[in-house]
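The values are calculated or read from the model by the stated rules, or taken from the named source; none is laboratory data. The structure presented is a predicted model; accordingly, all values stated were derived computationally and were not measured. Cβ atoms come from the backbone with ideal geometry, glycine included; neighbour counts cover every protein chain shown.
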């Protein structure tokens, strides 16, 4: 048996991956974990922004209902909310 090989239960020799393989695998894992943490942070900030924006829209709707323009603003808020969700889903998820 040569270095870098292991013996299988079936009696054949199997080449083991080199140290370079493990180093590349470790680098990929580190890079993907950094990307996932950045992605998670962006998603969290995006949802916080979306929540604050929708809260402000709901305040506007409540004020507008006093003057009778509530239905129009509800539809406007629904369209804006849907478009914001599409943007968040496309770029952050």
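For residue 61, indicate whether it is modelled with pLDDT under 75 and surrounded by 12 or more Cβ atoms within 10 Å (Cβ to Cβ).
On the way: modelled with pLDDT under 75: yes; surrounded by 12 or more Cβ atoms within 10 Å (Cβ to Cβ): yes.
Spelling it out, residue 61 is indeed modelled with pLDDT under 75 and surrounded by 12 or more Cβ atoms within 10 Å (Cβ to Cβ).
Those residues that are surrounded by 13 or more Cβ atoms within 10 Å (Cβ to Cβ) and either part of a helix (DSSP H, G or I) or modelled with pLDDT of 75 or more (or both), I need them from segment 64-79; list them, please.
Listed by number, the residues that qualify are 64, 65, 70, 73, 74, 76, 77.
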